[in-house]
Each structure stands twice: as structure tokens, then as C-alpha cells.
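The values are calculated or read from the model by the stated rules, or taken from the named source; none is laboratory data. This structure is a prediction, so every number in the text was calculated from the model and none was measured. Every residue, glycine as well, gets a Cβ built from its backbone with ideal geometry; the counts of neighbours run over all protein chains shown. The area values use the complete protein model at the heavy-atom level, side chains included, leaving out ligands, DNA and RNA. Shrake-Rupley method; radii C 1.70, N 1.55, O 1.52, S 1.80 Å.
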Amino acid sequence: IFFVLITKLYINHMLKIPLHFDEAQYWSWSKQIAWGYFSKPPFLAWCINLISNICGNGQGCIRSLSPFFYIATSLGIFYSSYKITNKINNSIFASIIFLLMPGITFSSLFISTDVPLIFFSTLVGAIVVKLYIEDKKQKFYIYILLALALALATLSKYAAFYLVPSILLASAISSRLRRVLYKKEIVYTILFYFIFITPNVIWNFNNGFVTFNHTFDNANINTLSFSIYKPIQFIMIQFLVFGLFSFLFIFKIMIE
């Protein structure tokens, strides 16, 4: 993992690819810290502000956030895998295969809101796994930590909202997960989640809900159309994201 991190940092430094206009926009936002921005929540701009104060405003410095976040994500995957399987080799394999996926390797050359979103989504998953595996001896603070992870995922990108129906669907299938999540402590998760995201909601309220409206417009719900070819196209694209080996491995697990 350390070798992958150093390699990706070195490549980012050597390529010197000019910032894409989205990256330049995030960088410009980082110069004026706020609780929200025109098209995205604020967390990535905060991170860019922090890293640029450490190593400057060069492309390599700003984009170094991606390898660091992905390394942290791979450790979260390792933790979840180990909790589920209790097998060290399987967990190492899961962690490394994530880092070496074509989509992740390519994404490491840029900085986008997807990068912290993937990390905090993985952290949410790791916390849910911990709750699931250790349901008899959970501490109060774990539910607060779940609220914080969900909030930071939301402040990274509003696509984090998809995590909620995913967790609810999983709990509908698993009685054990229902027992873990439908405790009185989950009220604290919900309460603290809304406390954590309230400043961003207030910022949107004061600015005509500009970020929410922009996200809704991008979703383009009013012009949705259904086609049998779109799902097939989506699945084929996943070969480029996951890589042939990873995708075939996932497909094999799904049909077993």
C-alpha cells in the first residue's frame, strides 16, 4: 500500500497536467472557506485549503489528496473484509484490488468530490459492519461516529443520500441488521447527522438553495427515459471501472 501511495504521488508530480476546470473551480473555492458553494458541498474545498497550506498550489500538491484518500479507503475495505471473513489474506486482497482497479488508478490523477465521497461511504460501510458483527456489545459513541461519517459523506457530495435507502434495503433483508439499526441509539445517529449538516442547509437557505437546485438539475429527472440498452451499456462501462478480473470476480460471486 505504501508503494502504491508513493508511486501515485510521484506520477502526479511528474505529469504536471494542468488543472481541469472542475479542479480549478474547487481550488478557487478553497480560497474562501464557506459552508457551501455553487454546485457542490464544501468538504473538498476545505481539504484543498488544508493541503495547499502544507505544500502549495501546484497540481501535484492539490491532486495528492486523491492517493491519500484512496489509501484510507483501502484500509477501510481491509477492516470491513476482516470483520466479515476473519481472514487476513482475503482482507489484504480486497484492499489491494481496490487500489489497483483501473477506475481508481485513473481517478488518482485528479481530484474530485467523488474521492472523499468514496472514502466516507466506505467508512459508513465499515461502521455498519462493526455494528452488525458486534451487535451485542456496541458503545454509544459508535452511533455518533456513524452520524459523523454520513454527514461528511453528504458534505462531500449529495450522492451520499443513496447510502440511506441502501442501508434500509439491507436491513429489510437481514433481521440481525434490523436488530442492530433499529435500537433507540439510532435516534442519536439521526439527531447528530442533522446537527452536523445544518450549517450547510442554512448556507443553502441563505443562497436560494443553489447547490440543491444544481444537483437536482443535473439529475435531469424530468427527461428520464427508459431503454433496454442503457443498463447493458452501464454494465459494459463497469469493465473499464473495475477491470476485467475484478468485474468477473464480482459477477461470479453474484451468481453463486
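List of remarks:
- Residue identified as out of contact with any Asp or Glu (no Cβ under 9 Å at 6 or more places or on another chain), surrounded by 11 or more Cβ atoms within 10 Å (Cβ to Cβ) and at negative phi among Val180, Val241: Val241
- Unique residue being among the aromatic types (Phe, Trp, Tyr), under 12 Å from the mean Cα position of the chain (by Cα) and at negative phi when the list is Phe78, Phe106, Phe93, Phe120: Phe120
- Once segment 1-31 is narrowed to residues that are of a type in the set (Lys, Arg) and on the phi < 0 side of the Ramachandran plot, the residue that is nearest to the chain's Cα centre (by Cα) is Lys8.
- Within segment 103-119, residues that are touching a residue at least 40 places away in the same chain (Cβ under 8 Å) reach partners that are surrounded by fewer than 20 Cβ atoms within 10 Å (Cβ to Cβ) and among the small types (Gly, Ala, Ser) with beta carbons closer than 6 Å, at six or more positions or on different chains, in the pairs Phe119/Ala72.
- Restricting Asp135, Asp114 to residues that are charged (D, E, K, R), closer than 24 Å to Glu185 by Cβ and open to solvent by 10 Å² or more (accessible area, probe 1.4 Å) narrows the list to Asp135.
- Matching residues, segment 15-31, being modelled with pLDDT of 90 or more and either over 16 Å from Ile62 (Cβ atoms) or part of a helix (DSSP H, G or I) (or both): Phe21, Asp22, Glu23, Ala24, Gln25, Tyr26, Trp27, Ser28, Trp29, Ser30
- Only helices (runs of 4 or more DSSP H) whose full extent lies in segment 141-219 are considered here, and the ones with at least 3 residues that are farther than 27 Å from Ser66 by Cα and in contact with a helix residue (DSSP H, G or I) (Cβ under 8 Å, 6 or more places away or on another chain) are 163-173, 175-181, 186-206.
- For segment 46-57, filtering for residues that are in contact with a Leu (Cβ under 7 Å, 6 or more places away or on another chain) and within 20 Å of Phe196 (Cα to Cα) leaves 1.
- Selection of segment 8-23 for residues being β-branched (Val, Ile, Thr) and loosely packed, with under 15 Cβ neighbours inside 10 Å yields only Ile17.
- Among the candidates Phe3, Phe38, Phe43, residue that is closer than 30 Å to Thr198 by Cβ, among the aromatic types (Phe, Trp, Tyr) and loosely packed, with under 14 Cβ neighbours inside 10 Å: Phe38
- Phe140, sole failed condition from (1) in contact (Cβ under 8 Å) with a residue 12 or more places away in the chain; (2) of a type in the set (Phe, Trp, Tyr); (3) closer than 21 Å to Thr73 by Cβ; (4) open to solvent by 60 Å² or more (accessible area, probe 1.4 Å): (3)
- Test: residue in segment 50-68 that is within 25 Å of Ala160 (Cβ to Cβ), open to solvent by 40 Å² or more (accessible area, probe 1.4 Å) and in contact (Cβ under 8 Å) with a residue 24 or more places away in the chain: yes
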